[in-house]
Amino acid sequence: MKRKALSVMSIAAFLLASAGLSFAQTDAPAADAPAKADQPQVVEKSIMDMWRAGGWTMYPLGLFAIFGTTLIIYNFIAIRKKKFLNPEGVKQVEGMVNQLQIAEAIDYCEKHPSPITNIIGCGLARADSREIDVAAVESAMEEASVEEYATPYVFINYLSVIASLAPMLGLFGTVSGMVKAFNTIAAEGAGSASKLADNIAEALITTATGMIVGIPAMFFFFFFKNNYGAIISGSSRIIGDLIYTMKISMKYGPQEISDNAVEAAPEAPAEEAPAQQ
């Protein structure tokens, strides 16, 4: 997982750096273009000029942008329902549990690791071959699910951290730029318009950059959070169905399992009433 995260981060950093250089080259003013005599020359700023105008606050905001982009790409790759719930593997394990082949089910979970099979394997490991304690198995699966699903959510939660810190860092750059602007007015008066404009530009650029970084991070945080919640709900349903299959198999023997849900168990045969004399 760490190697994947580092690889994705390197790719995202390369893409962002390439995009920044291409925008800088595109937005750079043409030096050979002649200026018209009757119009004032307008100097257009490139992306790199705006970056420098934003001051030192742009550097941590740039790191936030790279880190946030990396997390978004990584979560798109990692947070997938089929990868977590593994429907084919669950179907195989459910068939073994239906036959009460607990050792075979544990062996299958070990050979086919995935979040749901890891949870099921931890639960079945507490099943005694002499007498299966269904309550202990269910409790073990619940404990394993908490541990198994905690780590992926950390990478989702980092997006919330970026969404909160990036606008605050941009606001800090705004305050820094306005302080410099007032210091310029106090030292040189309002006549130094060029220097005053640079200070105000620093304030506005950092604010805009903080919002540009924070808004997508907040959106994708809730997007991945909702998807992950649906995955966890599906996992709880799978565990509940598996426990139900185990209970019914222990009580009535192996049952026919449909693809959608476990079929209802047959009713226990009623005891015959004693014949009247």
(Q) What distance in nm separates the two pseudo spin-label positions at Arg80 and Tyr59, each 7 Å out from Cα along the beta-carbon direction? (A) 3.9
Q. Once phi is turned into θ = phi - 60°, what whole-Hz ³J(HN,Hα) does the Karplus curve with 6.51, -1.76 and 1.60 give for every residue of region 109-118, x standing for Gly and Pro?
A. 5, 6, 7, 10, x, 6, x, 6, 5, 5
(Q) What are the ³J(HN,Hα) couplings of region 173-180, residue after residue, when phi is run through the Karplus curve with 6.51, -1.76, 1.60 and θ = phi - 60°? Round to Hz, x for glycine and proline. (A) x, 5, 4, 4, x, 5, 4, 5
Q. All other residues with a Cβ under 12 Å from the Cβ of Ile116 taken together, and with Lys, Arg as +1 and Asp, Glu as -1, what is their net charge?
A. +1
Q: Would you mind pulling out the separation of the Cα centroids of region 202-240 and region 57-85, in Å?
A: 10
Q) On average, how much area does the Cα convex hull of region 93-185 cover when viewed from any direction, in nm²? A) 8.4
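A short reminder: the numbers here are calculations on the coordinates, not readings from a lab. What you are looking at is a predicted structure, and each value in this text was computed from that prediction instead of being measured. No Cβ is skipped: glycine too gets one built from the backbone with ideal geometry, and neighbour counts run over all protein chains shown.
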